[in-house]
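What follows is one structure encoded as structure tokens, with my remarks underneath.
The values are calculated or read from the model by the stated rules, or taken from the named source; none is laboratory data. Being a predicted model, the structure only gives us computed values, none of them experimental. Here Cβ is always computed from backbone atoms with ideal geometry, including for glycine, and neighbour counts include all displayed protein chains.
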Amino acid sequence: MSTQSNAIPQSALASGAGSCKEISVARRFYWSVKREVWESRSIYLAPLAVAGVILLGFFVSAIHLPAKVREASGMTPMAQGEILAQTFGFAALALMATTLVVAAFYCLDALHGERRDRSILFWKSLPVSDLMTVLSKATIPLLLLPLLTFLITFALQVCMLLLSAAILLVGGQSLAMLSHLRLGMTWIALLNHLVVGHGLYYAPFYGWFLLVSAWARRGTFLWAVLPPLAIGVLEKILFNTSHFGDLIGDRFGIGGSNSKATSMFAMIADSPGLSHPGLWIGLLLAAIFLLAAVQLRRRQGPV
Amino acid sequence: MACIEARGLRKAFGKTVALDGIDMRVEEGRILGIIGPNGAGKTTALNAILGLTPYQGELHVLGRDPWRERDRLMRDVSFIADVAVLPRWIQVWQALDYVAGVHPRFDRAKAEGFLAKTTIRQTSKVRELSKGMVAQLHLALILAIDARLLVLDEPTLGLDILYRKQFYDSLLNDYFDRSRTIVVTTHQVEEIEHVLTDLMFMDRGRIGLHCSMEEFERRYLEVMVRPEQLDAARALKPMQERQGLGRSILLFDGIGRDTLSALGEVRTPSIADLFVAVIGKQAAQAQGAA
């Protein structure tokens, strides 16, 4: 580096004496969320990569589709539709699982990474409150990832549908079986399942992970997992009961899939609604965790 | 209105007292250098001023309580708390976009103007830049913010000498305009000596000295005393006596230049020498008292 190239000239000062405009809360929040997406590109890269792999796999296997349809020609159109529905359901489940893993790791790193790389000292030099920072980070698993999962699943299933139609047409077969996929209904159920189940029902999990992320100096994953595990084990030893474990298992099961259901639609259609009291208790718990994380971030410096 | 006003500012970490009830007042338009050894409490004091740490006592920065109103205060205050704290993943254009998105007083064109004079490209990631370039980027972002108070805590630590000199030149030429206030701490005292309007010494959580540079120059003088006048000079009770170039150098507090010039060559001491004299004396007194 030469001195020349480093020199910052006085002429640069001439431009603008610094106009002071107000920036709305919404705008600062928008930029805070955008910053999170810039930093954690796995938020969209991971589900896109999984979707790409699924599409490729589907393309390869779709070559055998006409043969399968011929075999199933004796079946009702409904049963024929089931052949494809299973594949479509698998695609949606794979994407849900992917974004859940992304959400968990995102939360564990969200308030720890900025302390680890000392960038918290830069973020805190800007007029963004700790509350806004924590809420913008919580928005990723609570809202952004469920919506993104839906959009990517939707796009993937549309691609799969078009591909199936093209292959069936080339094979000179009827498209009747595709109408039995009931994709329209499934998508509405999926959106509800993702926003209410993955977003709101899992909120206490995300809140707890963010709290651990704000608190732990290192080993965020262990701090997030071991204390709940210890409580479960202790309960088992002391009282020979497993209420705590059941509580967590039930909560995860509510948002997750019903393993007894056979089709994707059945798996997600029985997602509990907004009237379920458990939802609101969970949200309250999540709010407590998040407020604790805000207080911790106020006090915490680099680790 | 004072830019910074503290009364009985105290902060302890467990049994370690980092700030032992300090009082300070910094007027607007000053450039204050805080000098002190490691662990003197400089960073703790700055963290309190910036709302990064809770404290006991009274503290107002631009009329606000920093701990309660950090985010509001940060519209008028900017700071560089350490070297290379920009996130390593961020690209230069993203940093510009983000600061422009959240800071009402950020002038993006001005920041781009600074960057255009460096070798930093907008598509570069911070992790690809050298330490000096990261500091340049940070400075470009901070100097483009029209803040009333700028706080710099060891902003040039670990940078090479060319960059350090240019850093302070930019600060003085492109930023300081007598309405802004700058507070800076550094170990390299000699590099900021000519920049400062005010001086503060800190040691063990206390303020050892706080004066303007004019007062410093008026009050403290050191004399290279001629050997035959050494006894007469010592009678004036110097703060400190040391040997240099075969001559005794005596440092005086509040003795007139006319009186001293009869004893030998008179000059203004360096900040480093005065620091050793002031803090060394206080440390000795503290030990004597204990």
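Give me the residue from region B:169-185 that is among the hydroxyl-bearing types (S, T, Y) and in contact with a helix residue (DSSP H, G or I) (Cβ under 6 Å, 6 or more places away or on another chain) and, out of that set, surrounded by the fewest Cβ atoms within 10 Å (Cβ to Cβ). Ranking the candidates gives B:Y175 first.
Is it the case that region B:84-98 has a residue that's within 25 Å of the chain's Cα centre (by Cα), within 30 Å of A:S42 (Cα to Cα) and at pLDDT below 90? Looking through region B:84-98, at least one residue is within 25 Å of the chain's Cα centre (by Cα), within 30 Å of A:S42 (Cα to Cα) and at pLDDT below 90.
Scanning region B:22-43 for residues that are in a strand (DSSP E or B) and either among the polar types (S, T, N, Q) or closer than 21 Å to B:R64 by Cβ (or both) turns up B:I22, B:D23, B:M24, B:R25, B:V26, B:E27, B:L32, B:I34. Taken together, the residues in region B:172-186 that are of a type in the set (A, V, I, L, M, F, W, C) and either more than 11 Å from chain A (Cβ to nearest Cβ) or under 13 Å from B:I4 (Cβ atoms) (or both) amount to 3. For the residues B:R10, B:R88, the requirement of being on the phi < 0 side of the Ramachandran plot, basic (K, R) and assigned to a loop (DSSP other than H, G, I, E, B) singles out B:R88.
Note on region B:59-74: among residues that are in contact (Cβ under 8 Å) with a residue 40 or more places away in the chain and assigned to a loop (DSSP other than H, G, I, E, B), the one that is nearest to the other protein chains (Cβ to nearest Cβ) is B:L62. With B:E228, B:E222, B:E190, B:E217 as the choices, which residue is more than 10 Å from every other protein chain (Cβ to nearest Cβ), at pLDDT 90 or above and surrounded by fewer than 16 Cβ atoms within 10 Å (Cβ to Cβ)? After ruling out the rest, the residue left standing is B:E217. Residue count for region B:234-290 satisfying the condition of being in a loop (DSSP other than H, G, I, E, B) and in contact (Cβ under 8 Å) with a residue 40 or more places away in the chain: 5. Taking helices (runs of 4 or more DSSP H) as the structural unit, those lying wholly within region A:81-143 and holding at least 3 residues that are surrounded by fewer than 21 Cβ atoms within 10 Å (Cβ to Cβ) and within 14 Å of another protein chain (Cβ to nearest Cβ) correspond to A:113-116, A:130-139.
The condition (being within 11 Å of chain B (Cβ to nearest Cβ), in a helix (DSSP H, G or I) and polar (S, T, N, Q)) is satisfied by just one residue among A:S61, A:S32: A:S32. Annotation for region B:78-92: at least one member residue is touching a residue at least 40 places away in the same chain (Cβ under 8 Å), among the charged types (D, E, K, R) and under 29 Å from A:V33 (Cα atoms).
Restricting the first member to region A:276-303 and to residues that are away from chain B (no Cβ under 13 Å) and farther than 13 Å from A:A214 by Cβ, and the second to residues that are hydrophobic (A, V, I, L, M, F, W, C) and surrounded by fewer than 15 Cβ atoms within 10 Å (Cβ to Cβ), the beta-carbon pairs closer than 9 Å and six or more apart or on different chains are A:W280/A:L274.
Let's see how each residue does on (1) part of a helix (DSSP H, G or I); (2) surrounded by 24 or more Cβ atoms within 10 Å (Cβ to Cβ); (3) at pLDDT below 85:
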residue: A:G172; (1), (2), (3): no, no, yes
residue: A:I188; (1), (2), (3): yes, no, no
residue: A:N192; (1), (2), (3): yes, no, no
residue: A:V196; (1), (2), (3): yes, no, no
residue: A:L200; (1), (2), (3): yes, no, no
residue: A:F209; (1), (2), (3): yes, yes, no
residue: A:S213; (1), (2), (3): yes, yes, no
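A single entry from B:W89, B:W67 fulfils the requirement of being among the aromatic types (F, W, Y) and within 28 Å of B:L129 (Cβ to Cβ): B:W89. Residue-level check: of (1) among the polar types (S, T, N, Q); (2) free of Cβ contacts under 8 Å to residues at least 60 places away in the same chain; (3) within 13 Å of chain A (Cβ to nearest Cβ), B:Q56 misses just (3).
Residues are listed down the side, and each one gets a yes or a no for (1) crowded, with 22+ Cβ neighbours inside 10 Å; (2) touching a strand residue (DSSP E or B) at 6+ places or on another chain (Cβ under 7 Å); (3) under 22 Å from B:T186 (Cα atoms); (4) in the same structural domain as B:R30 (by TED's automatic domain parsing):
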residue: B:Q91; (1), (2), (3), (4): no, yes, no, yes
residue: B:A109; (1), (2), (3), (4): no, no, no, yes
residue: B:T123; (1), (2), (3), (4): no, yes, no, yes
residue: B:L137; (1), (2), (3), (4): yes, no, yes, yes
residue: B:I142; (1), (2), (3), (4): yes, yes, yes, yes
residue: B:L152; (1), (2), (3), (4): yes, yes, yes, yes
